[in-house]
Structure formats: C-alpha cells, structure tokens
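To start, the structure itself, in structure tokens.
The values are calculated or read from the model by the stated rules, or taken from the named source; none is laboratory data. Worth saying up front: this structure is predicted, and the values here are computed from it rather than measured. Methodologically, a virtual Cβ is constructed for each residue, glycine included, from the backbone with ideal geometry; neighbour enumeration extends over all protein chains shown. Remember, those area values only see protein heavy atoms, side chains included, never the ligands or the DNA or RNA. Shrake-Rupley method; radii C 1.70, N 1.55, O 1.52, S 1.80 Å.
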Amino acid sequence: MKTGLIETWRARLPVTAQTPVITLGEGGTPLLRADRAAKAAGLPPGSVYLKLEGMNPTGSFKDRGMTLAVSKAVEAGATGVLCASTGNTSASAAAYAARAGLRCVVFLPKGKVAAGKLAQAVMHGAEIVEVSGNFDQALALATEAAKAKGFALVNSSNPFRLEGQKTAAFEIVEQLGRAPDNHFIPVGNAGNITAYWKGYRELGQTPRMFGWQAAGAAPLVLGRPVANPRTLATAIRIGNPVSWKGAVAARDESGGAIDKVSDADILAAYRFLAREEGVFCEPASAASVAGLFKLARARRAPEGLSVCVLTGHGLKDPGITARFKPRVRRVSAGGRIRL
Ligand code: F0G
C-alpha cells in the first residue's frame, strides 16, 4: 500500500504525531534508465536516468510539497489555502484542499494555464481568480490576499513546500544507491532546485546542479528580473523567481550552472522523449533534457551519472500537441487499409 511521503520520510520532515496527514499517495515515482537519451547526448548506456514526477497523483511534482503544506495548514487551524500558479500548483492545491475539506482560492494568469491543469482546478472545486497579468503579478496579489484570516499561502515561499519536495532527492539516492553526479532540472520560480539541493545536502551526497530556464523567461541567467517573460512552456513562464537566492546557492555550492534553452530546443526534447523513450512529459519538464542535449552539442555534456527531472505529465497540456501533425489515413467501416 502506498502511504505517501510524509509516512515514508517522517523522521526527516517537520511533522509530529499530532500533525494530520493529508495524502493522496504521492512520491515513490519511477527513476527510468534512458539509453536512447544517453546515446543522443553521446554518453554511454546507463549514464542518463529520468525521474518521472508526472507519476504523482495530480501529475506533477507539486504534490510532494502540497501534502506537507496542506497538512501543516490543517494543523495550524487554517480554513482555506491560496496560491498563484502557472497551473500545476493550483491543480495540486485544489486536490489536497478537497481532500482536507478546505477552501482553495487560485490566482491564475489569464490565458496562460494549460487546459489539463485548469480542468483539475475546476473539478476539485477551487475558486478561480483570473489575473490579467503574468504569474509574478498573480503571486503579488495572492500574497496580499493570504493575509486574510484563516488562509495559508501554499506557494513555494511556504517553507513546508520545499521540505516536502526535498524528498525527491532522497528517493533518487535510494533508487541509484548513491547521488547522481549531475542533476538536470527545469527552473521557474526556483523552489524545486532549492528543495532538491536541500535534500541532497541533508544526505551529505551532492551532485552538480544544472538548472534550465526557457530563453524568454531566464532571469537567473540574465541576473535580473524579466518584466514580460515569454515561452510556450507556460509552467516556467516566470520573470522574478521567489527562490532566487536558493537557486543561485544550489548552482554555486554544487559547482553547477543555470542556463537557458530555446523553445525550439524544449519542443525537440519533448518530442524526443515521447517518440524515443515512450515518456510523455509537459514542455517545461523537457527543459531538463533539452539542457543536457544543449551541453552535448557543445561537447560539454558532463561525465558520470546524470538524472533529468521530468516535472509534469504530458497530458497536462494537450493544446501544445496541435503543433505536431500526425499523418492520418481515412477508411470507412468495412473498408481495407494497407500498412
Ligand atoms: N516544471 C513544471 C511542470 C512546473 O509546473 C514548474 C512550476 C516548474 C517546472 C518549475 O519549478 O517553480 O520550482 O522552479 N510551476 C509552478 C506552478 C510555478 O505554479 O505550477 P519551480
């Protein structure tokens, strides 16, 4: 039976016997060997693994942080949770709030949330606030609104989110029997890279951290906020990451890098993973593999064992698949088709 990550990692998390556990059975996601991806990067077989975070209950890594953030909100007596989101955080918050019997209010940038994510927020009964602005502006509104009595903000500025998310690093070390040499991860609001780095550090086993931003939304690469972030990878369309300092620390302390990948590179990696590895992730997730491929093209793919995190499931964003035209043959019932 899957009991969820609070039970699995209780000793390493800020919970007590009194903390009510709100779980959907998150965590314990597959770490998949990806030899075709290794080959495409000019690396030996067995040197690239994919951490499939889209296999969490709501289809993204956000569930790791949300089980803890919502459990702690209930423990503190909250009657509602609130967040801004590019989609996945709101889907996860809505699901865990439904399970806990809390109100959930989500602030979403208008027209920039993928269809699957919106469907989840709707079906889990979240109250939706559509913001005519980008994620950063939505987060400012949500942070202000969270001052209301009884509400807990469950964005990654909430420390319990990062505590939950760090468990993915524990799992990887358990699955490999050691930390990888290199860790590739997409970066948006920068909570996840910060959380993984915390997890690895707590184990005293640390890879080099390679974070990847979309080229049109790459504040950490530019070294300054981006007022109008642009990318088709809507999950990481963020111009002023909350965990800026955490991401920079992960990069510098690990001897890694934070760089950018173009939307074309993201789409190419997204398609590669689906066609060659049988793994359907959402575009933002493919930024990790796009980053590995970018380094490989420059003959700078790092040696040793690399883990690429695939943060969300491909079904989250069906709209983007319209860019890929399948060859469809038509036949009427009772007719014949030659293969
Ligand atoms: N990948 C996916 C699929 C995401 O949804 C996000 C962030 C990231 C990567 C980046 O992670 O923000 O910790 O650096 N999504 C947030 C949201 C912002 O609202 O769902 P990060």
For this session: Any chance you could count how many residues in the stretch 306-338 are under 17 Å from I266 (Cβ atoms), hydrophobic (A, V, I, L, M, F, W, C) and not in a loop (DSSP other than H, G, I, E, B)?
Result: 5
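Okay, residues lined up against (1) farther than 29 Å from V307 by Cα; (2) at pLDDT 95 or above:
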| position | (1), (2) |
| --- | --- |
| T143 | yes, yes |
| A148 | yes, no |
| E163 | no, yes |
| A168 | no, yes |
| E174 | no, yes |
| A179 | no, yes |
| F184 | no, yes |
| N189 | no, yes |
| I193 | no, yes |
Problem set entry | Complete set of residues in the stretch 190-220 that are part of a loop (DSSP other than H, G, I, E, B), more than 24 Å from Y270 (Cα to Cα) and within 13 Å of the ligand (Cβ to nearest atom) | none
For this session: Kindly indicate the residue of the stretch 283-305 that is buried (at least 24 other Cβ atoms within 10 Å of the Cβ) and closer than 16 Å to R36 by Cα and also farthest from the ligand (Cβ to nearest atom) among those meeting that condition.
Result: L292
For this session: Consider S157 carefully, then state whether it is within 12 Å of the ligand (Cβ to nearest atom) and over 22 Å from D263 (Cβ atoms).
Result: yes
For this session: Please go through the stretch 161-171 and pick out each residue that is touching a Leu at 6+ places or on another chain (Cβ under 8 Å) and crowded, with 24+ Cβ neighbours inside 10 Å.
Result: R161, G164, T167, A169
Problem set entry | Failed item in (1) within 14 Å of the ligand (Cβ to nearest atom); (2) in contact with a Lys or Arg (Cβ under 9 Å, 6 or more places away or on another chain); (3) in a helix (DSSP H, G or I), with T143 passing the rest | (2)
Exercise. When only residues in the stretch 221-249 that are within 10 Å of the ligand (Cβ to nearest atom) and either more than 17 Å from the chain's Cα centre (by Cα) or of a type in the set (S, T, N, Q) (or both) count, which is surrounded by the fewest Cβ atoms within 10 Å (Cβ to Cβ)?
Worked result: S243
Exercise. Within the stretch 116-139, how many residues turn out to be aliphatic (A, V, I, L, M), part of a helix (DSSP H, G or I) and within 14 Å of the ligand (Cβ to nearest atom)?
Worked result: 4
Problem set entry | Given (1) within 15 Å of the ligand (Cβ to nearest atom); (2) in contact with a strand residue (DSSP E or B) (Cβ under 9 Å, 6 or more places away or on another chain); (3) open to solvent by 40 Å² or more (accessible area, probe 1.4 Å), index of the condition D35 fails | (1)
Seminar exercise, completed: Among helices (runs of 4 or more DSSP H) entirely within the stretch 1-112, at least 1 residues that are without any contact (Cβ under 8 Å) to a residue 12 or more places away in the chain and farther than 19 Å from A169 by Cβ occur in 35-40
Seminar exercise, completed: By residue number, the members of the stretch 178-189 that are within 15 Å of the ligand (Cβ to nearest atom) and out of contact with any helix residue (DSSP H, G or I) (no Cβ under 7 Å at 6 or more places or on another chain) are N189
Exercise. Do you know which of the residues in the stretch 48-68 that are polar (S, T, N, Q) and either open to solvent by 10 Å² or more (accessible area, probe 1.4 Å) or within 15 Å of the ligand (Cβ to nearest atom) (or both) is nearest to A298 (Cα to Cα)?
Worked result: S60
